[in-house]
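A short write-up of the structure that comes next.
Values in this text are rule-based calculations from the coordinates and carry no lab data. All of these numbers come straight from a predicted model, not from anything done at the bench. Don't worry about glycine lacking a Cβ; one is built from the backbone with ideal geometry, like all the others, and counts go over all protein chains shown.
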Amino acid sequence: MTRFEELQQAIIDGKAPVAKELTDKMLKEGIRPGEFFPKAIIPAMDEVGRRMRECEFFIPEVLIAARAARASSDILRPLLVGADAMASAGTVVCGTVKGDLHDIGKNIVAMMLESAGFKIIDLGVDVTAEKIVDAVRTNQAGLVALSALLTTTMVNMKSVVEALSAAGLRDKVKIMVGGAPVTDAWAHSIGADGYGKDAPAAVELARQLATA
């Protein structure tokens, strides 16, 4: 098993201390920081996503795998400069909409998007449309990921779409939505660009929207 395969396995197994130790060891062995994401971290989280889709993994397993990926990526990101700089897949502003305090699903999506190479601006929960508009403008984000777990708060997704339009930013950003009560039909009815039924689907959708 190669070092990259060892790191992949540590991430899939959710062994954050092992992932951190392997990352440090590989760097000392002269492996370039820019090699870790395409050869270990992204493939590992893609496999985690596949297992979630196939119901082999559930939320706890996905969370600990994402934390293991972060243990490695936190070491690597400050080193990704110059020749080792990794081209970002895009900047995503994400948050749970106003009135909704649920964050587990949003957190998993954010961690998996980060592991897939996206820069994440996580605004947390109970986020107003105005705060999202400001974050998109400040960070020149190309994607917005909105979450809602309550039928009473999902209407606030529409407010975000309308606020981005009013700010003149709608044609500069793609909007994806998700959460238990959200559907593809709802996404289209409010003018969003797509719907992710779970975290792996959200990552795949973000990749599609970022290159559209």
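Maximal additional length on extending the D13-A180 stretch stands at 57.5 nm, based on 0.36 nm per residue less the C-alpha distance.
Spatial offset of region 34-68 relative to region 171-212 amounts to 20 Å, using the alpha carbon center of each. On the beta carbon distance between S159 and L79, with R0 = 30 Å, the FRET formula returns roughly 0.15.
Distance between the 7 Å Cα→Cβ label points at R67 and A212: 3.4 nm.
Here's how it looks for L80: its modeled amide H is under 5 Å from none belonging to a residue 5 or more places away or on a different chain. Here's the list of lysines a cross-link from K25 could span, going by alpha-carbon distance under 26 Å and ignoring same-chain residues fewer than 8 apart: K15, K39, K119.
For region 3-84, what is the Kirkwood estimate of the hydrodynamic radius, computed as the reciprocal of the mean inverse distance between distinct Cα atoms, to one decimal in Å?
12.5
Over the chain, dividing the summed -39,500 (n - 2.57) contributions of all DSSP H runs of at least 4 residues by the number of residues returns a 222 nm mean residue ellipticity of -16000 deg cm²/dmol. Figure legend: label point modelled 7 angstrom from the Cα of L101 along Cα→Cβ; residues of region 119-135 with amide N under 16 Å from it are 124-128. Starting from one equal scatterer on each C-alpha and no solvent at all, send me the Debye-based log10 I(q)/I(0) for region 91-211 at q = 0.10, 0.13, 0.21, 0.23 Å⁻¹, two decimals. Values, matching the q order: -0.23, -0.39, -1.16, -1.46.
Each residue of region 115-124 is assigned a 3J(HN,Hα), and the resulting list reads 5, 8, x, 8, 8, 10, 10, 8, 8, x Hz, derived from the Karplus form 6.51 cos²θ - 1.76 cosθ + 1.60 (θ = phi - 60°), x at Gly and Pro. Hydrodynamic analysis of the chain uses the Kirkwood radius over alpha carbon pairs. Inserted into Stokes-Einstein at 4 °C and 1.567 mPa s, it gives a translational diffusion coefficient of 74 µm²/s.
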